[in-house]
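Each remark here refers to the structure printed beneath this line.
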Amino acid sequence: NNAVPRFRNIDYMRGLVMAFMAWDHSNFFFSKGGSTVSEMWGGEFPKFDSAGIFFLRLLTLLCAPTFLFLMTTSMILFSHNRRSAGWSKAKITRYFAIRGAILVLLQFFVENPAWNIGFPLALSQVYFGVLYMLGLMMIFCSLILELPSMYLAIMTTAAVLITPWVVPTPDLWNSNISILPRILAIPGQTPQVNVLFAPFPWLGVAGLGLLFGRLLIRVGGKAFSLLLPFGAAALGLFVCLRVLGGHYGSLNLIPIHEWWSFFYTVKYPPSIAYISLTLGLSSLMLYCFYRLEHSRFARWLTPFEILGGSALFFYVAHLFLYAFMGIFMGQKDATLLREAVGWFLGLIILIPMCNKYRQFKYLKPAESVWKMF
């Protein structure tokens, strides 16, 4: 049996960024919708009044690229282990294609209604969020799991470098862009759709995760040591891109006023600067978790392991929990302390629920549909 062991640090990292994400979403519900301004390629760019508030936001910005990177890394590990257990290539492809389709369906029929609890949004628009992007990435990556690493690296690099040429310059923010380019590559709104996570620009992050998964198969845990130079190089690239400015690396001409505004980046779609900053930080954190995995401090990381091992359950549950909490606790001018207390209270409720579900899923056979959730 040449199955790869489970790397607990991946669950730690996944759980940590899920907790960061919950902070962002709970604040949305507790502030009754809050500001609609986000880190888009055009339009009004958000301004943070203090370094503390911004760096709280920066922690939440880690979630989408880190989760996608770890998702595709885990796809490689899962595929390798299932092949060792006798699954065929076709069966593995079918498994991921079905699972990806489930994510897309959850986006439109489960996640979207959660956002409308307590304060209806633009009901005439269909929201294309993170589950939609993750689902399409899983379906696409299921088709290229066996692609030679050289071609996979070329595809990954091309996706990152081509995105700035696909996305218009900020002066075209109010131009007429049809629905298909919106839902595939250019975030924004039409009267019919509201798109934040257009999938094509995220393909480079997905490809990096696939390549790292192959490296784990080849050299095992030693691969995590390579995250140190990779993370440092990515952060160095981020600094260069922000110093140079311009559309290509940043997608939006973001002025640098306060010192912390140097770290402002465009998330929708992910600019090269954003990918460099977030994956650079996440790589260093993932390495640290690897070092802690077998230390005496590992038991303190159990809550993150629980969240990381039940990510989809947590994602759906946290939206509805915080949405209903927002009905009773939310207010337009909610203080940071009020939001922090609500967020922490939600985690206290969710972690035992996630642990029960994780144990339930673990006992199911490999063929069970519950393994997909």
When residues of segment 162-182 are limited to those that are in contact with a helix residue (DSSP H, G or I) (Cβ under 8 Å, 6 or more places away or on another chain) and among the aliphatic types (A, V, I, L, M), the one most open to solvent (accessible area, probe 1.4 Å): V166
So F197, is it buried (at least 19 other Cβ atoms within 10 Å of the Cβ), modelled with pLDDT of 95 or more and either outside any helix (DSSP H, G or I) or acidic (D, E) (or both): yes
Some residue of segment 110-119 being acidic (D, E) and not in a helix (DSSP H, G or I): no
Whichever residue in segment 131-153 is open to solvent by 20 Å² or more (accessible area, probe 1.4 Å) and assigned to a helix (DSSP H, G or I) and, among such residues, is nearest to P187 (Cα to Cα): L136
Cβ-Cβ under 8 Å pairs, at least 6 apart or on other chains, segment 37-51 side under 17 Å from N194 (Cβ atoms), far side open to solvent by 40 Å² or more (accessible area, probe 1.4 Å) and among the acidic types (D, E): V37/E44; G42/D171
Selection status of G188, of a type in the set (G, A, S), surrounded by 17 or more Cβ atoms within 10 Å (Cβ to Cβ) and free of Cβ contacts under 8 Å to residues at least 40 places away in the same chain: no
All helices (runs of 4 or more DSSP H) inside segment 242-336 with 1 or more residues being of a type outside the set (F, W, Y), more than 30 Å from V110 (Cβ to Cβ) and touching a Gly at 6+ places or on another chain (Cβ under 8 Å): 272-292
Output for segment 174-187, where each listed residue is at pLDDT 95 or above and closer than 22 Å to I254 by Cα: A185, I186, P187
Of all residues making up segment 116-137, the number that are at pLDDT below 95, of a type outside the set (V, I, T) and in contact with a Gly (Cβ under 8 Å, 6 or more places away or on another chain): 3
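The values are calculated or read from the model by the stated rules, or taken from the named source; none is laboratory data. Model, not experiment: these values are computed from the prediction. When we count neighbours, we look across all protein chains shown, and the Cβ atoms used for this are built from the backbone with ideal geometry, even at glycine. All accessible areas refer to the heavy atoms of the entire protein, side chains included, with ligands and DNA or RNA removed. Shrake-Rupley method; radii C 1.70, N 1.55, O 1.52, S 1.80 Å.
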